[in-house]
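The values are calculated or read from the model by the stated rules, or taken from the named source; none is laboratory data. The structure presented is a predicted model; accordingly, all values stated were derived computationally and were not measured. So basically every Cβ, Gly included, is an ideal-geometry build from the backbone, and we count neighbours across all protein chains shown. These accessible areas exclude ligands, DNA and RNA; they are computed on the full protein's heavy atoms, side chains included. Shrake-Rupley method; radii C 1.70, N 1.55, O 1.52, S 1.80 Å.
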Amino acid sequence: MSISQTVVDFATLAIHAGGYMELDRLYLQNRIIALIGEDSLDEVKPQSATQNSLELLDALVKKAKENGVIGDSLAQKEILEAQLMDFLTPPPSVVNAFFAQHYAKTPEAATEYFFKLCQENDYIKTRAIAKNIVFPAETKYGKLEITINLSKPEKDPKEIATMKNVTAGDYPKCMLCMENEGYKGRLNYPARTNHRIIRMNLNGESWGFQYSPYAYYNEHCIVLSEEHRPMQISRATFERLLTIIEVLPHYFVGSNADLPIVGGSILSHDHYQGGKHTFAMAKAPFEKEINLSVFPNIKAGIVKWPMSVLRLQGADKTEMINACEYILQAWKHYSDESVCVKAFSEDGTPHHTITPIARRNGKLYEVDLVLRDNNVSKKFPDGIFHPHPDVQHIKKENIGLIEVMGLAVLPPRLLPELEEVEKYVLGKPNNIADYHKTWAQAMMQTHEFTPANAMDIIHGEVGQIFARVLEDAGVFKRDKVGQQAFLRFTDTL
């Protein structure tokens, strides 16, 4: 296909996206050729595009590179891609208006429209996400999900060297601020020209709804405060979470904890994550019901899960918010040093918080409250309730919201490392990392490895280690001592 036909077809997709009309065609085509370094266009007729938006984008970027508009820099390429895909993305006011039109039909229709837009305009990096290694792992807690995260592109050494000389800016303040919408990007900051945010009113405050560009599960969304302020778990958190699942009843929504070690990667900006996905934790049953005498209409219980989870179910929104706040405050002040659970340091530093997850269960509100403690010790300097040293060869990063619910996000280093483990257990020449050897030798004691089954067995054992990681992060352990301690806490409620 000629570059002229590619430009015309791309303009056709821009018109179909709803931000432009046929009258805008010449304007669009001239804007596109300017971006790719062309100064003229052959006479070709508009037609129904025979290639999708990503295929056309690739052709345009290739031509821009041939014309010297961009070099080999990944940042330059991504900035140009976002500028081109911005044509396929209506302005924020129009996207919000379309979302509202679809929402008038059903909430699902609205999110389907917005999700599809964000895929087609390459804001959601579908091709990069497809590179992730994903597999299930059967455990005593149900089927956990394991992802080796390969989606985020790695910069080449030359680009990294160049970035050392780039002055760090303070605009946008962070990756979650609303001023990212339409931001061109720079060498050390991602391009967001094609980024759009749906505005939401949450209990009188302005919030935004967007999708994650590197999604870990279906329709992975982020709900973010317009104000750049730190994460805080409070009564207002529960009010907002329950409002969100009223507005989007087909989605779950949860919050990372608001303390270091047990929190997520961005504690500086108040936000939640949600989506259209059922995690293993949501499928886990009640293990023991508990009595919340102050809230007689709330069903409450301990969930059969490696971490310490209380599940609440009820039909009354206000009573559910009150119950969640009651448990949060009780946990923030509860100590049981016989099991290393300590609410405050001697200097008054708080150590307890909650990772909350909300969803609709039929007509009921359902909230899981995951108890978190970020104390450290001489034995466990990374965190007493953090992956312990013997499992850090698989996972040593913080256990945030997504992992809490049963989806492991593992580092890219594991792809080549597990291939070396496979060679090791098969007796082939290998470069296995020293920190995997003890684990590999233990597997060889319990499994008969063949070339046909080796990687499946290794993946299964990775799943068992992830279950152990979650047990490490659980404040009340799954043994008799830990479960008795858990009941001592619930008795105070």
Exercise for the section: With a Förster radius of 51 Å, plug the Cβ-Cβ distance of Glu226 and Leu26 into 1/(1 + (r/R0)^6) and report the FRET value to the nearest 0.05. Expected result: 0.85
Practice task
Return the percentage of antiparallel bridges among DSSP beta bridges fully within the range 177-298, rounded to the nearest 5 %.
Solution key: 95 percent
Exercise for the section: Give the peptides 360-371, 33-44, 399-410 in descending order of average Cβ contacts within 10 Å, highest first. Expected result: 399-410, 360-371, 33-44
Problem - Neighbourhood net charge (9 Å Cβ-Cβ; Lys/Arg +1, Asp/Glu -1) for Thr111 - result: -2
Problem - Nearest-0.05 FRET efficiency for Ala343 and Asp42, computed from C-beta distance (R0 51 Å) - result: 0.10
Fill in the blank from the handout: the range 433-487, convex hull of Cα, quarter of hull surface, nm² -> 5.1 nm²
Handout entry: Share, in percent, of DSSP beta bridges within the chain that are antiparallel, nearest 5
Key = 90 percent
Completion exercise
Highest mean packing first, using Cβ neighbours within 10 angstrom, the peptides 482-492, 16-26 sort as 482-492, 16-26
Handout entry: Full-extension gain in nm, Thr438 to Glu112, via 0.36 nm per residue minus C-alpha separation
Key = 112.7 nm
Handout entry: Average Cα contact separation per residue, the chain, under 8 Å, 6 or more apart, as relative contact order %
Key = 13 percent
Fill in the blank from the handout: Length gained if Glu246 through Ser4 is fully extended, taking 0.36 nm per residue and subtracting the Cα-Cα distance, is 82.3 nm
Exercise for the section: Compute the convex hull volume of the Cα atoms of the chain, divide it by the residue count, and report the result per residue in Å³ as a whole number. Expected result: 185 Å³
Handout entry: Per-residue ³J(HN,Hα) for the range 179-196, Karplus 6.51 cos²θ - 1.76 cosθ + 1.60, θ = phi - 60°, Hz, x for Gly and Pro
Key = 5, 5, 4, x, 6, 5, x, 8, 4, 10, 8, x, 6, 9, 4, 9, 8, 9
Fill in the blank from the handout: Residue-ordered couplings for the range 138-148, obtained by feeding phi - 60° into the Karplus form 6.51 cos²θ - 1.76 cosθ + 1.60 and rounding to whole Hz (Gly and Pro as x), are 6, 9, 5, 9, x, 8, 7, 10, 10, 10, 8
Handout entry: Part-to-part distance (alpha-carbon centres) for the range 182-245 and the range 384-410, which is given in Å
Key = 24 Å
Completion exercise
Contour minus Cα-Cα span, Lys304 to Leu426, at 0.36 nm per residue, comes to 40.3 nm
Problem - Inter-label distance, nm, simple model (7 Å from Cα along the C-beta direction), Asn201/Arg360 - result: 2.0 nm
Completion exercise
Semi-axes a, b, c in Å (a largest) for the range 1-47, each sqrt of 5 times a Cα gyration tensor eigenvalue, come to 17, 12, 9
Fill in the blank from the handout: At R0 = 41 Å the Cβ-Cβ FRET efficiency linking Ala236 and Met455, nearest 0.05, sits at 0.30
Problem - Sulfur and carbon atoms: percent of accessible area, the chain [1.4 Å] - result: 52 percent
Fill in the blank from the handout: The alpha-carbon center of the range 440-459 and that of the range 329-343 are separated, in whole Å, by 41 Å
